[in-house]
Amino acid sequence: MNENFKKVADKMPLLLQSLSEQSPICIGDIGITDVPQKGVYVFFENNKPIYVGRSNRMKARLKEHSQRSSDHYSATLAVRIAKKDISTPYKGKTTKQLMEDSIFHNKFEAAKSKIAKTRIRFIEIEDQAEQAMFEMYAILALNTEFNDFGTH
């Protein structure tokens, strides 16, 4: 195994443990919390991890998931939550097409409001390769509902 890869891979369980030991906070409280610039974050619903993301501008990115002004490009978790319960007539439509539908748009807005009340945990990770690997590791280890590996 490549030594650089092994060195980073060996850190993954320790990073997950460190993240898990952190007290979750409400996303609405991040203005008063010391949020690192770069790292990985996890959204929780009823103490269950539902989504893992990463960012190099974490404080702003976390807020984008729930801000009223956020669109479907920046509030991706809200889109995925809104899509969860869509009926057959909506299947196969692009997100842009769904956003033009008032019923879906209302679900999207409701999802952003819900996200604003969820709990989050985050961990600072400066190195981009380590950050990307930990995001993938956390998604798989936590078995999050709203992450997917589809390409666009």
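Do we find that Asn46 is polar (S, T, N, Q), more than 13 Å from the chain's Cα centre (by Cα) and within 24 Å of Met133 (Cα to Cα) in this structure? No; evaluated as a whole, the condition is false for this residue.
All conditions but one from (1) touching a residue at least 60 places away in the same chain (Cβ under 8 Å); (2) surrounded by fewer than 17 Cβ atoms within 10 Å (Cβ to Cβ); (3) over 17 Å from Met136 (Cα atoms) apply to Ala60; the one that does not is (1). From the list Lys107, Lys38, Lys48, the lone residue that is in contact with an Asp or Glu (Cβ under 6 Å, 6 or more places away or on another chain) and basic (Lys, Arg) is Lys38. Could you go through segment 107-125 and let me know if any residue there is surrounded by 11 or more Cβ atoms within 10 Å (Cβ to Cβ), basic (Lys, Arg), in contact with a Cys (Cβ under 8 Å, 6 or more places away or on another chain) and assigned to a loop (DSSP other than H, G, I, E, B). There is at least one residue in segment 107-125 that is surrounded by 11 or more Cβ atoms within 10 Å (Cβ to Cβ), basic (Lys, Arg), in contact with a Cys (Cβ under 8 Å, 6 or more places away or on another chain) and assigned to a loop (DSSP other than H, G, I, E, B).
Residue-wise test of (1) loosely packed, with under 15 Cβ neighbours inside 10 Å; (2) more than 18 Å from the chain's Cα centre (by Cα); (3) more than 23 Å from Gly150 (Cβ to Cβ).
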| site | (1), (2), (3) |
| --- | --- |
| Asp10 | yes, yes, yes |
| Gly28 | yes, no, yes |
| Ser55 | no, no, no |
| Glu64 | no, no, no |
| Ile103 | yes, yes, yes |
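When segment 126-152 is filtered for residues that are farther than 14 Å from Ile81 by Cα, under 14 Å from the mean Cα position of the chain (by Cα) and either touching a residue at least 40 places away in the same chain (Cβ under 8 Å) or surrounded by 19 or more Cβ atoms within 10 Å (Cβ to Cβ) (or both), the ones remaining, listed by number, are Gln131, Ala132, Phe134, Glu135, Tyr137, Ala138, Ile139, Leu142, Asn143. Note on segment 134-152: residues that are more than 19 Å from Gln37 (Cβ to Cβ) and either aromatic (Phe, Trp, Tyr) or assigned to a helix (DSSP H, G or I) (or both) amount to 8.
Filtering Ala116, Ala75 for residues that are over 16 Å from Thr144 (Cβ atoms) and touching a residue at least 60 places away in the same chain (Cβ under 8 Å) leaves a single hit, Ala116. Check segment 60-72 and report whether any residue there is in contact with a strand residue (DSSP E or B) (Cβ under 7 Å, 6 or more places away or on another chain) and modelled with pLDDT of 90 or more. Within segment 60-72, one or more residues are in contact with a strand residue (DSSP E or B) (Cβ under 7 Å, 6 or more places away or on another chain) and modelled with pLDDT of 90 or more.
So, Gln97, is that one in contact with a helix residue (DSSP H, G or I) (Cβ under 9 Å, 6 or more places away or on another chain) and more than 22 Å from Glu45 (Cβ to Cβ) or not? Criteria met by Gln97. When the criteria are applied in full, Ile50 fails the requirement of being aliphatic (A, V, I, L, M) and surrounded by fewer than 17 Cβ atoms within 10 Å (Cβ to Cβ).
The values are calculated or read from the model by the stated rules, or taken from the named source; none is laboratory data. As the structure is a prediction and not an experimental result, all values here were calculated from the model. A quick note on method: Cβ atoms are made from the backbone with ideal geometry, for glycine too, and the neighbour counts reach across all protein chains shown.
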